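The structure appears below as structure tokens.
The values are calculated or read from the model by the stated rules, or taken from the named source; none is laboratory data. Bear in mind the structure is a predicted one, so any value in this text is a computation, not a measurement. In this analysis, Cβ positions are derived from the backbone assuming ideal geometry, glycine residues included, and neighbour counts consider all displayed protein chains. Note: areas computed on protein heavy atoms with side chains; ligands, DNA, RNA excluded. Shrake-Rupley method; radii C 1.70, N 1.55, O 1.52, S 1.80 Å.
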2 protein chains.
Amino acid sequence: MNQTTERREAVQVSVDVVLLTLVEQQLHAVLLRRAAAPFAGVWALPGGFIHTAEDADTKASAARVLQTKVGIEGAYLEQLATFSGPARDPRGWSVAVAYCALLPAQSLPPQRDDLCVVPVSALPQLPFDHRAILDAALARVRSKSLYSSLPVHLCGETFTLPQLQLVYENVLGEPLNKVSFRRKMDEMDWLEAVPGALQGGAHRPAQLYRVKPAFRQELALSPRGL
Amino acid sequence: MNQTTERREAVQVSVDVVLLTLVEQQLHAVLLRRAAAPFAGVWALPGGFIHTAEDADTKASAARVLQTKVGIEGAYLEQLATFSGPARDPRGWSVAVAYCALLPAQSLPPQRDDLCVVPVSALPQLPFDHRAILDAALARVRSKSLYSSLPVHLCGETFTLPQLQLVYENVLGEPLNKVSFRRKMDEMDWLEAVPGALQGGAHRPAQLYRVKPAFRQELALSPRGL
DNA sequence: ACAATAGTGTCTTTAAGACATTATCTC
DNA sequence: GAGATAATGTCTTAAAGACACTATTGT
């Protein structure tokens with residue numbers, strides 16, 4: 001951007017979204033069957049091109065892709081990284097801005113033919129560099145779950161502390177100390193008890209909580225992890 | 001990428017680099033005076049368009065920008081984030097893949113008219129959204145310095161532990177405990193003493209160290225910070 | 001009363017920080 | 001040996017984890 005005569009080459013820019021959810025205590029990714037070439041009929045990450053007329057930025061493009069192609073709204077969305085190069089798309093040099101999205105399982109769209117929800121431990125072959133994008137998303141979600149409130153976006157509106165701890169454990173793949181976990185949640189101060197609400201079984205019911213309004217969009221961070 | 005007929009719109013893709021270095025115990029950014037419109041004559045981040053014929057990916061584009069426009073090679077480079085939208089560039093909807101680069105001060109290019117090295121605490125007005133990009137780079141460098149070997153890329157080939165600690169302190173903007181710092185460096189095990197080499201003044205000389213080969217490209221991470 | 005899970009109190013272990021001491025150089 | 005900074009030993013403090021105990025429900 002500093003030389004007078006610089007060729008501006010046409011580069012294809014797309015947005016790809018790794019949409020993750022927690023089903024039966026396992027992280028799952030949402031895949032769509034590609035309708036068009038290249039790789040028509042193949043399971044792939046939801047994605048699409050930028051619509052300059054409607055999208056305020058690539059995050060808006062990603063939200064639009066989730067809405068129009070997956071059929072969901074309100075997922076937590078964060079930019080992951082940008083993947084690029086001449087070989088990732090057979091059509092030529094391309095750039096994909098990848099986003100990571102989290103959604104509670106109960107907010108998934110109704111079942112249909114061109115959509116599947118697969119455990120990340122049993123993914124099919126994916127086209128383009130979608131496998132690398134998905135792996136990057138998993139690494140990001142797992143590492144960020146070590147010190148932030150990220151996993152709460154896999155929960156519904158309200159949840160109990162034992163439920164939340166289980167979600168953390170499922171994402172991280174390791175058990176957590178109950179006392180330490182609750183101490184941290186208390187220190188970080190991003191949860192509030194839902195007044196009277198409880199929940200039962202054949203045992204003591206657990207207090208219901210929700211995220212404080214200030215932390216609905218922003219993540220809560222813990223200085224020393226957990 | 002799942003519908004048969006999707007318009008592929010022309011989007012301008014550029015690469016911008018936040019090149020940081022440490023001068024007189026302060027973080028400085030390298031800026032270039034723009035030769036061409038828009039914002040001709042204005043100080044801005046080094047940047048440029050992608051050259052599909054030569055660049056293997058946007059990281060290679062960033063490295064090429066550093067080499068051809070700034071005149072340096074071998075800087076530590078990592079992708080920061082991608083900035084996008086209709087308003088950031090007056091020419092229209094654009095995408096900028098931003099990179100963060102670190103360089104020891106002694107590797108800076110010779111002085112010249114269209115290049116300046118300014119303290120990040122006293123930046124001029126910057127065009128486009130370069131200020132936001134720079135702020136994001138600073139935030140990233142500072143937060144990553146809390147738990148990784150990142151700041152070592154502001155040092156030369158060899159350095160003493162007191163020098164390294166000072167670099168960390170300058171980046172983080174706060175003093176560190178000497179014993180803890182050295183304990184961590186020892187635990188993380190990414191440094192090796194340069195055999196006989198020492199360094200003097202009118203006092204006890206300090207042992208020289210360098211980064212172990214395995215960590216020259218990869219960062220060393222500490223599980224619990226510092 | 002019993003089984004089952006929620007929630008808390010408290011001790012142990014481990015990591016981080018403060019402080020003091022020893023080491024090694026120049027003058 | 002005085003002064004300066006490097007390097008390390010050791011005590012204190014704070015955070016994390018283990019474990020046990022109390023609490024509250026349904027049956």
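Thinking of region B:152-215 as a set of Cα atoms, what percent of all their pairs are more than 16 Å apart?
Percentage above 16 Å: 48.
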Exercise. What fraction of the DSSP beta bridges in the protein assembly as shown is antiparallel, stated in percent and rounded to the nearest 5?
Worked result: 75
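Equivalent ellipsoid semi-axes for region B:37-195, as square roots of 5 times the alpha carbon gyration tensor eigenvalues: give them largest first, rounded to whole Å. Mind dumping the intermediate values first?
On the way: eigenvalues 204, 59, 50 Å².
Ellipsoid semi-axes (Å, largest first): 32, 17, 16.
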For this session: Over the protein assembly as shown, with every protein chain in place, what whole percent of the accessible area is carbon and sulfur at 1.4 Å, could you tell me?
Result: 50
For this session: Determine which chain B residue has its Cβ at minimum distance from the rotation axis mapping B onto A, giving the value in whole Å.
Result: B:THR82, 2
For this session: Please tell me which of these pairs span more than 18 angstrom C-alpha to C-alpha: B:LYS184/B:LYS212; A:LYS184/B:LYS184; B:LYS59/B:LYS212?
Result: A:LYS184/B:LYS184; B:LYS59/B:LYS212
Exercise. Region B:48-92: which GluC sites (Glu not before Pro) are DSSP loop and have at most 16 other beta-carbon atoms within 10 angstrom?
Worked result: B:GLU54, B:GLU73
Exercise. How much solvent-accessible surface does B:PHE159 expose, in Å² to the nearest 10, with a 1.4 Å probe and all protein chains in place?
Worked result: 0
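Is there a quick way to get the dipole size of chain A? I mean about its Cα centre, with the Cβ of Lys and Arg at +1 and of Asp and Glu at -1; what is the value in debye to the nearest 20?
On the way: 23 positive and 22 negative charges, 61 e Å.
So the dipole magnitude of chain A works out to roughly 300 debye.
DSSP loop (so not H, G, I, E, B), at most 15 other Cβ within 10 Å: list which trypsin sites (Lys or Arg not before Pro) in region A:186-226 pass both filters. Working shown, then result.
Values: sites: A:ARG210, A:ARG216, A:ARG224; in loops: A:ARG216, A:ARG224.
Those satisfying the criteria are A:ARG216, A:ARG224.
Suppose all protein chains stay in the model; what accessible area per residue would a 1.4 Å probe give for region A:150-215, in Å²?
Numbers: 3640 Å² over 66 residues.
With the other protein chains kept in place, region A:150-215 gives 55 Å² per residue.
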For this session: Would you calculate, for chain A, the mean residue ellipticity at 222 nm contributed by helices, counting each DSSP H stretch of 4 or more residues as -39,500 (n - 2.57) and dividing by all residues, to the nearest 500?
Result: -6500 deg cm²/dmol
For this session: Among DSSP beta bridges lying fully in region A:1-130, give the percent that are antiparallel, nearest 5.
Result: 70
For this session: Find the centroid of the Cα atoms in region A:123-151 and in region B:43-86, then give the distance between the two in whole Å.
Result: 25
Seminar exercise, completed: Note on region B:56-79: residues buried by at least 40 Å² of accessible area once partner chains are added (vs chain on its own, 1.4 Å probe) come out as B:LYS69, B:GLN79
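Just reorder B:SER121, B:SER145 by solvent-accessible area, largest first, 1.4 Å probe, all chains present.
Details: B:SER121 95, B:SER145 0 Å².
If we order B:SER121, B:SER145 from most to least accessible, we get B:SER121, B:SER145.
In chain A, what percentage of the DSSP-assigned beta bridges are antiparallel, given to the nearest 5?
Numbers: 29 of 38 bridges.
Bridges in chain A are about 75 percent antiparallel.
Report D for region B:1-126 in µm² per second (integer): Stokes-Einstein, Kirkwood Rh on Cα pairs, 25 °C, 0.890 mPa s. Could you put the intermediate results ahead of the total?
Details: Rh = 15.7 Å.
The diffusion coefficient I find is 157 µm²/s.
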Exercise. Considering only the label points, 7 Å along Cα→Cβ from Cα, what distances in nm to one decimal separate A:VAL42 from the same position in each other copy, shortest first?
Worked result: 4.3
Exercise. So which aspartates and glutamates pass the test for B:LYS144, namely a Cα distance under 16 Å, with those fewer than 8 places away in the same chain ruled out?
Worked result: B:GLU78, B:ASP135, B:GLU169, B:GLU174, B:GLU218
Seminar exercise, completed: Over all directions, the protein assembly as shown yields a Cα convex hull whose mean projected area in nm² is 25.4
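Net charge within 12 Å of A:TYR168 by Cβ-Cβ distance, Lys/Arg positive one each and Asp/Glu negative one each, not counting A:TYR168 itself?
Numbers: positive: A:ARG142, A:LYS144, A:LYS178, A:ARG182, A:LYS184; negative: A:GLU169, A:GLU174.
Neighbourhood net charge equals +3.
Can you give the accessible area per residue of region A:36-128, in Å², using a 1.4 Å probe? If you can, show how the numbers build up before the last one.
Working: 3780 Å² over 93 residues.
So region A:36-128 comes to 41 Å² accessible per residue, rounded to a whole number.
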